[in-house]
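> I have a structure I would like to understand better, so I am pasting it below and will then ask my questions one at a time.
The values are calculated or read from the model by the stated rules, or taken from the named source; none is laboratory data. Here the structure is a predicted model, which means the values were calculated and not measured. Ideal geometry is used to build each Cβ from the backbone, glycine not excepted, and the neighbour counts take in all protein chains shown. Ligands, DNA and RNA are stripped out before the accessible areas are found, and what is left, the full protein with its side chains, is counted by its heavy atoms. Shrake-Rupley method; radii C 1.70, N 1.55, O 1.52, S 1.80 Å.
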Amino acid sequence: MESRSGTPAPAVTTAGAPPARPSTVRPGWRGAWHGVRSTERLCHVTGAVLVLSGLGHLVVFAVDGGPWDGPVSWRKPVTFGLSFGLTLIAITWVTSYLRVGTRLRSALLVVFAADCVVEVGGITLQAWRRVPSHLNMETGFDTAVSMTLAVGGGVLVVLLSVFAVASFQNRPTGPLGMPLALRSGFAILLVALASGTAMIARGVVLTRTGHQEAAYHSTAPLKPLHGVSLHAVLVLPALTWLLSHTPWSDRTRRRVIQAAVGCYAAAVLGAGVWAALTW
């Protein structure tokens, strides 16, 4: 546009207009999934398969029936499939907040995923054979499976302990409260590892001394403690992540996280007292 004098007219501006806001469109699930490292993707898929295996055996139990408790039942492939699957997914996610070398973390996660598959696979195999999976020394094959599960349990203890130590050596990253949630979750996870080790140790002693039936039932007092403390490393960080997406103030979110840690610790303490009284 030109003025009557033939000179170009000045451009029309809106001096008081605010600057354009950046786009708030977030990438979809497909884009987020492609942004995940191949090792993490492998672990997430493996964890999902283990969870589906547990749910599938829940259907088998509903159809086939049988006892829910005891050394030979469909409960074991159900609970172990769900527990190991969720734990693998949780560890893969929460360790992304730890200050651990990428190669070291990837190597540890691959070994952890393989170990989870071996544990659930051995337990599931023995469930279909209708024989106990743990502390079973009846035949050479049963002994091999039982010892493989015991060694696998030891590998799990080492791997998870390495991640737990890493969470305390360097302050984890993440949203407000994540360092507290991660460190509390890993500290409580160590209780689960200790109780699991105690169950295996006591069962092996009873088996070696000729008390096979007593060995199968010796783990009952510690099972609640083991189960409750195992998943704190998922529950507490997940709660923290959810709180980071709320409009609540930092002070409120911090108090909620602290209360959640306290409640979870109280639950673990209660399970520990019950275990001590019934041991």
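> Just give me the residues in the range 82-114 being farther than 16 Å from residue 173 by Cβ and open to solvent by 60 Å² or more (accessible area, probe 1.4 Å), in sequence order.
86, 103, 104, 110, 111
> Collect the residues in the range 41-78 that are under 28 Å from residue 214 (Cα atoms), modelled with pLDDT of 95 or more and not hydrophobic (A, V, I, L, M, F, W, C), keeping them in residue-number order.
54, 57, 77
Okay, residues lined up against (1) in a helix (DSSP H, G or I); (2) surrounded by fewer than 18 Cβ atoms within 10 Å (Cβ to Cβ); (3) on the phi < 0 side of the Ramachandran plot:
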| site | (1), (2), (3) |
| --- | --- |
| 214 | yes, yes, yes |
| 224 | yes, no, yes |
| 242 | yes, yes, yes |
| 245 | no, yes, yes |
| 257 | yes, no, yes |
| 260 | yes, no, yes |
| 268 | yes, no, yes |
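> Is it fair to say residue 204 is farther than 21 Å from residue 97 by Cα and under 23 Å from the mean Cα position of the chain (by Cα)?
no
> Tally up the residues in the range 137-154 that are under 23 Å from residue 112 (Cα atoms), of a type outside the set (Val, Ile, Thr) and open to solvent by less than 60 Å² (accessible area, probe 1.4 Å), please.
Matching residues across the range 137-154 total 7.
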